[in-house]
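Below you'll find the structure, written out as structure tokens, and then a few comments.
The values are calculated or read from the model by the stated rules, or taken from the named source; none is laboratory data. Note that this is a predicted model, so its numbers are computed, not measured. Every residue, glycine among them, receives a Cβ derived from its backbone with ideal geometry; neighbour counts consider all protein chains shown. Accessible surface areas use protein heavy atoms only, side chains included; no ligands, DNA or RNA. Shrake-Rupley method; radii C 1.70, N 1.55, O 1.52, S 1.80 Å.
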Amino acid sequence: MPMGNTQPSVRPASAGRAGGAAVTSAAHRSGARPRRTRGGLRAERYAPYILVLPAVLIIVLLRLYPLLLGVNFSFTGDGEQNGTAVGFGNYRELFADPLFQTALKNVGLLVLLLPVAVAIPGLLATFIYLRVPGHRFYRSVYFFPAVLSPVIVGAIFNLLLAFDGPLNAVLGSFGIGPVDWLGDPDIAMFMVVGVHIWATFGMALVVFLAGFATLDAALLDAARVDGATLRQVVWHVIIPALSRTIQFVFVTTMIGMLTSMFGLLYIMTSGGPEGSTYLPEFYIWKQQGQMNRPALASAASTILFMIMLVVGLLQIKLLERSGKED
Amino acid sequence: MRQRAIWSAVLVVGLALAGCGSASDSGKSTSSDGKLVVWDWKSGEPFAKSYLEKAKADFKKKHADVEVEFVAQPFDQYYTLLGAAIQSGKGPDVMLFNGGGQIRDRVDALVPLDDYVAEDKQRLAGWEAFAKDGKTYAAPVTLQGYPIYYNKEIYRKANLDPASPATTWDKFVADCAAIAKAGSKCFALGNKEGVGIQFWLSSLGSTTLTAAEYDAWIAGKRDWNSANVKRIFQTWKESGDRKMNSDGANSTAMFNDSFALFQSGKAAHVMGLMSDVGHWQDFNEFLTAEKLGVMKAPVVTAGTTPSLPYDGGIGYAVAKWTKDPKVAADLVRSLSSAEALKAFYADAGAIAADTTIDVSAGGPAVSTIVSELKSGKPALHVALSSKTLDLMGRLSQQLLSGSITVDEVVKQLAASDQAG
């Protein structure tokens, strides 16, 4: 799709970075202009380092150092073995624990469900962009859940999905037997992910709408003149033109799924039923707080960190690649 | 310009130093000479007010110069926060614990109190829940037990005699069929957290295991392959298969949805608690005292005698890093002094560890409970590690959904129990 190259970037992160660089260099230039005394020169030479120092210190002291401590801690024992090195003992225990395996499997499930989580806001944004009747109304309504805290969302859906709740009552009036939405291990995880998507797709929708704002309307008109159906328009015009927006939403949705489902899980299922809705985060919390196994929890955190690192690197790679296309 | 550069440098360095300071100062010692810091999850509640006042007054008599600060932590984060404090070796001098696994897992960080609390041993009940390897680590404040409550009104509707509930399991199952016919569920069960099975195990333990098996279990010699241990899980499964439980037990929270089912008269029985929540005081309030009954566990294995399962519920312990353990232990003693506990019983509706308190004004249910304390025994599930309890919760959900056999359950539990 040749049009892709002429599109302005829709990546807010990269735009912000570029803007920041411009401001810095402008400041530098204007700072270099006035009277040049030797002391002033020296101060100005060190000024950039001093100015970035707080950020570096905060990152090193509050991020990197604790991270290293955590990794180091994951190689020590718990309880009576507190403080003694146990090598990879915690990691061996983790991978032998069926509960942690379930947690990792659920991460895999999230990755598989990712296209759904991206397609829903994508499609809805498309409809809003194509001005379906009531599109203004939908645009604001879709964003509503995004401002609710996961705890509130979880509590609402706990009530809706309860065994004697309204959803089963509605199904019952159609003669369909009640389903234990949050009590059946084969269904519960899908319900939690579904609710998470419902609660967060508003944000992705906004990103998509921003992407649409950069879409050349002439293309759509041309496609319509050529007699393209809606499906063809979506597939051959909209998706290629928004490829970088889609990539961005993919990465942010993935991170959102991996790191911010704890609240929902805690409220809706607490990891149950039968441990079927565990995610690494919940597992870490449980081992640390409930089982008094901080070292084991550190090992699980290290593994979650590795997973996030892969996702993060993937993100950087994707963003760099689309950056080069500019 | 130079001025500005210098000022900004000063500002930046100052900020950076402040940053360093707060980073390295995060675990500031809370233990100083004239002050004791107490962590709990109760002191913020209105019902704890007069209890704390009485306890503080008692402590003031012994150590007038020592200041006491109570810090109420949110309960769902309590052990997470405490774990972090223990990990850093700094934190409160005195802290509240639940009896059983929660304190036994953390005795490394606590001071054995046996020498300090010897005088209270007779007056208070429930010490076992705070002991490990023969040493006591906390003084009980309340007792926590697992009586079976029943709704006399539903019994009447089902043409059963509310004055004499079933004494054998078979009769109980038959009664449940009659209750079902009258349109109510037999048990209000919430097993979302996997706690339902713990109450089941303890409530029916005394009438399923023989006395010898029961004592061996508490002493740590648990024979998971014994027919009677399996029987406990079989009755659990049976109650699910016979639809004796409220619907959707695996997605119903015990706290407090299942108790709400019982309170609102939708189920005839509930395995509840004695203190805090889901207890006689809550139920009295909704069902009224005359409709609320407490029954002995129905006999499952012939020849067994029902006894009330109970332990020390919550109790205060002393941290290893406190400056003067004697002073901290005195505070612990004040927190379980007779006057303070009387206030706790009156305001919170908890069964206090001091069994000499008069409860006759609380209605027939609480009188029954207190009268059974003498013959009571420690609860079976409290003896298990939190890891095994967690596993048991998940396995119990599988038993209800029919995706596991009883044999497999006891096999996995035995493995977990022996490892821990």
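Within the stretch A:130-153, restricting attention to residues that are under 29 Å from A:Thr229 (Cβ atoms) and assigned to a loop (DSSP other than H, G, I, E, B), which residue is most open to solvent (accessible area, probe 1.4 Å)?
If we take residues in the stretch A:130-153 being under 29 Å from A:Thr229 (Cβ atoms) and assigned to a loop (DSSP other than H, G, I, E, B), then A:Arg131 is most open to solvent (accessible area, probe 1.4 Å).
Kindly indicate the residue of the stretch A:163-202 that is part of a loop (DSSP other than H, G, I, E, B) and more than 14 Å from every other protein chain (Cβ to nearest Cβ) and also farthest from A:Tyr142 (Cα to Cα) among those meeting that condition.
Step by step, filter the stretch A:163-202, then rank; the result is A:Gly175.
Just to be sure, is B:Thr368 modelled with pLDDT of 90 or more, in a helix (DSSP H, G or I), of a type outside the set (A, V, I, L, M, F, W, C) and over 25 Å from B:Trp217 (Cα atoms)?
Criteria met by B:Thr368.
Scan the stretch A:69-76 and give yes if some residue there is over 25 Å from the mean Cα position of the chain (by Cα) and open to solvent by less than 40 Å² (accessible area, probe 1.4 Å), otherwise no.
Yes, the conditions are met somewhere in the stretch A:69-76.
What residue, among those in the stretch A:154-169 that are open to solvent by 40 Å² or more (accessible area, probe 1.4 Å) and without any contact (Cβ under 8 Å) to a residue 60 or more places away in the chain, is nearest to B:Asn256 (Cα to Cα)?
Within the stretch A:154-169, the match that is nearest to B:Asn256 (Cα to Cα) is A:Leu159.
So which of A:Thr269, A:Thr277 is β-branched (Val, Ile, Thr), touching a residue at least 24 places away in the same chain (Cβ under 8 Å), under 22 Å from B:Gln397 (Cα atoms) and at the interface with chain B (Cβ under 10 Å from one of its Cβ atoms)?
A:Thr269
Mind telling me which of the residues A:Gly275, A:Gly211, A:Gly263, A:Gly194 ends up being modelled with pLDDT of 90 or more and on the phi > 0 side of the Ramachandran plot?
Result of the check over A:Gly275, A:Gly211, A:Gly263, A:Gly194: A:Gly275.
Go over the candidates A:Gly202, A:Gly183, A:Gly175, A:Gly211 one by one and state the one that is over 25 Å from the mean Cα position of the chain (by Cα) and open to solvent by less than 60 Å² (accessible area, probe 1.4 Å).
A:Gly183
Does A:Val107 satisfy the criteria of being assigned by TED's automatic domain parsing to the domain that holds A:Val237 and either assigned to a helix (DSSP H, G or I) or open to solvent by 70 Å² or more (accessible area, probe 1.4 Å) (or both)?
yes
Condition check ((1) open to solvent by 20 Å² or more (accessible area, probe 1.4 Å); (2) over 19 Å from B:Gly313 (Cα atoms); (3) away from chain A (no Cβ under 14 Å)) across all residues:
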site	(1), (2), (3)
B:Val37	no, yes, yes
B:Glu45	yes, no, yes
B:Lys60	yes, yes, yes
B:Glu67	yes, yes, yes
B:Thr80	yes, yes, no
B:Gly89	yes, yes, no
B:Pro112	yes, no, yes
B:Val117	no, no, yes
B:Glu128	yes, no, yes
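If I ask for residues that are in contact (Cβ under 8 Å) with a residue 12 or more places away in the chain, among the hydrophobic types (A, V, I, L, M, F, W, C) and within 16 Å of B:Asp407 (Cα to Cα), which ones from the stretch B:202-238 would you list?
Residues satisfying the conditions are B:Trp224, B:Val229, B:Ile232, B:Phe233, B:Trp236.
So A:Gly272 clears everything in (1) of a type in the set (Gly, Ala, Ser); (2) within 18 Å of the chain's Cα centre (by Cα); (3) not in a helix (DSSP H, G or I) except one condition, right? Which one?
In the conditions (1) of a type in the set (Gly, Ala, Ser); (2) within 18 Å of the chain's Cα centre (by Cα); (3) not in a helix (DSSP H, G or I), A:Gly272 misses (2) alone.
Go through (1) in contact (Cβ under 8 Å) with a residue 40 or more places away in the chain; (2) open to solvent by 30 Å² or more (accessible area, probe 1.4 Å); (3) part of a loop (DSSP other than H, G, I, E, B) for B:Lys192 and report which single condition fails.
Unmet condition: (2).
B:Ser401: within 14 Å of chain A (Cβ to nearest Cβ) and more than 17 Å from the chain's Cα centre (by Cα), yes or no?
For B:Ser401, the condition - within 14 Å of chain A (Cβ to nearest Cβ) and more than 17 Å from the chain's Cα centre (by Cα) - is met.
So if I check each of A:Val233, A:Val249, which one is of a type in the set (Val, Ile, Thr), in contact (Cβ under 8 Å) with a residue 12 or more places away in the chain and more than 26 Å from A:Phe190 (Cα to Cα)?
Going through A:Val233, A:Val249 in turn, the sole match is A:Val233.
Return yes when B:Ser375 is out of contact with any Leu (no Cβ under 8 Å at 6 or more places or on another chain), open to solvent by 20 Å² or more (accessible area, probe 1.4 Å) and closer than 22 Å to B:Asp311 by Cα and no when it is not.
no
Residue-by-condition table, conditions (1) farther than 27 Å from A:Glu281 by Cβ; (2) away from chain B (no Cβ under 14 Å); (3) of a type in the set (A, V, I, L, M, F, W, C):
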| site | (1), (2), (3) |
| --- | --- |
| A:Ile59 | no, no, yes |
| A:Gly70 | no, no, no |
| A:Asn106 | no, yes, no |
| A:Phe137 | yes, yes, yes |
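Looking for whichever is open to solvent by less than 20 Å² (accessible area, probe 1.4 Å) and either out of contact with any helix residue (DSSP H, G or I) (no Cβ under 7 Å at 6 or more places or on another chain) or modelled with pLDDT under 90 (or both) here; the options are A:Met306, A:Met257. Which one fits?
None of the other options fit; the residue is A:Met257.
Looking at A:Gly79, A:Gly40, A:Gly83, which is the one that is on the phi < 0 side of the Ramachandran plot and among the small types (Gly, Ala, Ser)?
Step by step, each of A:Gly79, A:Gly40, A:Gly83 is checked, and only A:Gly40 is on the phi < 0 side of the Ramachandran plot and among the small types (Gly, Ala, Ser).
With respect to A:Thr245, determine if the residue is open to solvent by 50 Å² or more (accessible area, probe 1.4 Å) and part of a helix (DSSP H, G or I).
no
Somewhere in the stretch A:317-324, is a residue assigned to a helix (DSSP H, G or I), at pLDDT 85 or above and open to solvent by 30 Å² or more (accessible area, probe 1.4 Å)?
For the stretch A:317-324, residues assigned to a helix (DSSP H, G or I), at pLDDT 85 or above and open to solvent by 30 Å² or more (accessible area, probe 1.4 Å): absent.
I'd like to check something: does the stretch A:83-92 contain any residue that is within 12 Å of chain B (Cβ to nearest Cβ), loosely packed, with under 12 Cβ neighbours inside 10 Å and modelled with pLDDT of 85 or more?
no
Read through the list (1) part of a loop (DSSP other than H, G, I, E, B); (2) surrounded by 19 or more Cβ atoms within 10 Å (Cβ to Cβ); (3) touching a residue at least 12 places away in the same chain (Cβ under 8 Å), then give the number of the only condition that B:Ile404 fails.
For B:Ile404, the exception is condition (3).
Keeping to the stretch B:246-264, report how many residues are open to solvent by less than 30 Å² (accessible area, probe 1.4 Å) and assigned to a loop (DSSP other than H, G, I, E, B).
Looking only at that region, the number is 4.
For B:Gly393, state whether it is at pLDDT 90 or above, more than 30 Å from B:Lys54 (Cβ to Cβ), among the small types (Gly, Ala, Ser) and open to solvent by 30 Å² or more (accessible area, probe 1.4 Å).
Taking the combined requirement at face value, the residue does not satisfy it.
Of everything in the stretch B:346-369, what is closer than 19 Å to B:Ile314 by Cβ and crowded, with 23+ Cβ neighbours inside 10 Å? Give them in sequence order.
B:Ala350, B:Ile351, B:Ala352, B:Ala353, B:Asp354, B:Val366, B:Ile369
Do we have A:Ile303 as in a helix (DSSP H, G or I), among the β-branched types (Val, Ile, Thr) and within 12 Å of chain B (Cβ to nearest Cβ) here?
no
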